[in-house]
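The values are calculated or read from the model by the stated rules, or taken from the named source; none is laboratory data. All of these numbers come straight from a predicted model, not from anything done at the bench. Note that each Cβ is placed from the backbone with ideal geometry, even for glycine, and that neighbours are counted across all protein chains shown.
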Amino acid sequence: MATDFISAITPTEGLNVTDTATWSDGTSKDTGDLRRKFNFGDQVSELSIAQDPFFRFVSKVSKRPTDDPSFKFTEKRPSYHKRYCYAVSHAATSAVGTTDPTIAAGAVDAGDTYWVKFGTDYKNTGNIGVVYNNSNASNFQVGDANTQPNFLVNDQLIKLNYRAAGEASAFYTATGYLVGKVKSTQSSGEYILAELEIVKGTSSSVDLIGSSATVLWTTSTNTHDLTVSSQLEVARCYVIGTAHGEGSGYPETWKDQPYSTGFGMTQIWKTSMAMTNTARATVLKYEPNEWARVWKDKLVEHKWDIEQSLLFGSQGSQNSVQYTEGAVNFLTNYCNTFSLTTSSKTADDFLDDMSIFLDPRVNNANATVFFCNTAVYNWLHKLSGYFRNNLELSSNFSADLAVTGRKQVLGLDTTKISTVYGDMNVVRNVHLDGTAVKMLGINMKYAKYRPLVGNGVNRDTSVYVGVQTLENSGVDRRVDLILTEAGMEWTMPEAHAIWTA
């Protein structure tokens, strides 16, 4: 009959036993009413939550081990689509000066010679360009160090947009374009002075667009807050090919430098647990092995801590302790930044953001996962469901922003939302709740989780087991350290974006 009773249950542990004052069996534990089983079940309810969505993604699909705790990496940005520049000044002679005079009617007929001073806004060592709406990143202005457009060589054809002479608008409207063939070039600081033979001219008086660099940037904060498609593109002068005479021989060439380097650091996470041998040897109900129960919970706690670090960490080294770079810190400093207030942001506003972020001239982020907080997660679904629930007339008239499916990706609920700029894979991340961060757009192709592995040693979730003696007790207990040493590598900042308050 002894096996029918429940032992070691006290009134304070959830059992409503009132007659306990006279009960004594030589211990301080009450066994309850000996005639009742209390119908305890064989299972216990447990809360299961999505603990680590970002860490789960990078550890499953973007893991690349490193054999050095301070690792370096290389980025490559091609130059073929960046052969553009801005006309900062121009004149009929090589003495272009610093003013931007209007081109008089008849001054740029076909066959005429015209001189233009060109500069550009990206670093020619690495082809590192400006980042939209981010004052922390390297937002190069025309004429900054290492921005000389050294791709300009003889016999290239250059397209130069022009506007109506004297147009007062801050951002100009192109009314036509000139085509000039480069006859000679000379260096002028961080600019190139090019002698052009006009191929396509104009009979009207016009002004070249982009001649005033101060129009293109918020110079007081060094913030590049203009869109490429609607504001910068119209001011850019592009190479549109070359033209050579028959038998003219080998043309001039130029050499680019598409590579740039960065570095990262690994961080050591430790989660410890301790237990007496008495507790380990005691068989309990529901989960008989207390060691196994605590061990499982400690593994979850360990992953939770790593998730927090990979989101909010800041790379650096202090007092011989290294810290890896978190997503929020990296995106805030180097990537496209957008504002998002769910009470005032419309679907049209959000699509404008997406058009800037996914501009094919700077970004082809087809592997992007959007991690968002709860408010934005709800907001996206509300936008997506509005047309279907309220305005959809038939299957032929529906919203451009619509939920097209839900799926499980690596065990995480992922919503696919279709937009005119492609599908968004949206994952709710509760770690962002209560912060200024609304949403992170991360291209998983360029975010790497880098555990330290080398010489036969794997520091990716290693386990160290030891024995420690409690002071003044003489009782041994086991101490396990769940240890991870890993870091994050972030490349191609144009492929990531952050939406903040």
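Could you tell me which of the residues 353, 423, 359, 433 is within 26 Å of residue 81 (Cβ to Cβ) and modelled with pLDDT of 90 or more?
Going through 353, 423, 359, 433 in turn, the sole match is 353.
So, of the residues in the stretch 59-72 that are under 15 Å from residue 452 (Cα atoms) and within 17 Å of the chain's Cα centre (by Cα), which turns out to be surrounded by the fewest Cβ atoms within 10 Å (Cβ to Cβ)?
63
Please work out if residue 302 is outside the structural domain of residue 495 (by TED's automatic domain parsing), in contact with a strand residue (DSSP E or B) (Cβ under 7 Å, 6 or more places away or on another chain) and either under 23 Å from residue 442 (Cβ atoms) or buried (at least 16 other Cβ atoms within 10 Å of the Cβ) (or both).
Answer is yes for this residue.
Within the stretch 327-345, which residues are without any contact (Cβ under 8 Å) to a residue 12 or more places away in the chain and in contact with a Leu (Cβ under 9 Å, 6 or more places away or on another chain)?
Residues satisfying the conditions do not exist here.
Need the failing condition index for residue 191 against (1) at pLDDT 90 or above; (2) surrounded by 20 or more Cβ atoms within 10 Å (Cβ to Cβ); (3) under 19 Å from residue 231 (Cα atoms), just the number.
Looking at each condition in turn, residue 191 falls short on (3).
Every residue in the stretch 148-200 that is of a type in the set (Phe, Trp, Tyr) and either more than 16 Å from residue 88 (Cα to Cα) or part of a strand (DSSP E or B) (or both), please.
Those that are of a type in the set (Phe, Trp, Tyr) and either more than 16 Å from residue 88 (Cα to Cα) or part of a strand (DSSP E or B) (or both): 151, 162, 177, 191.
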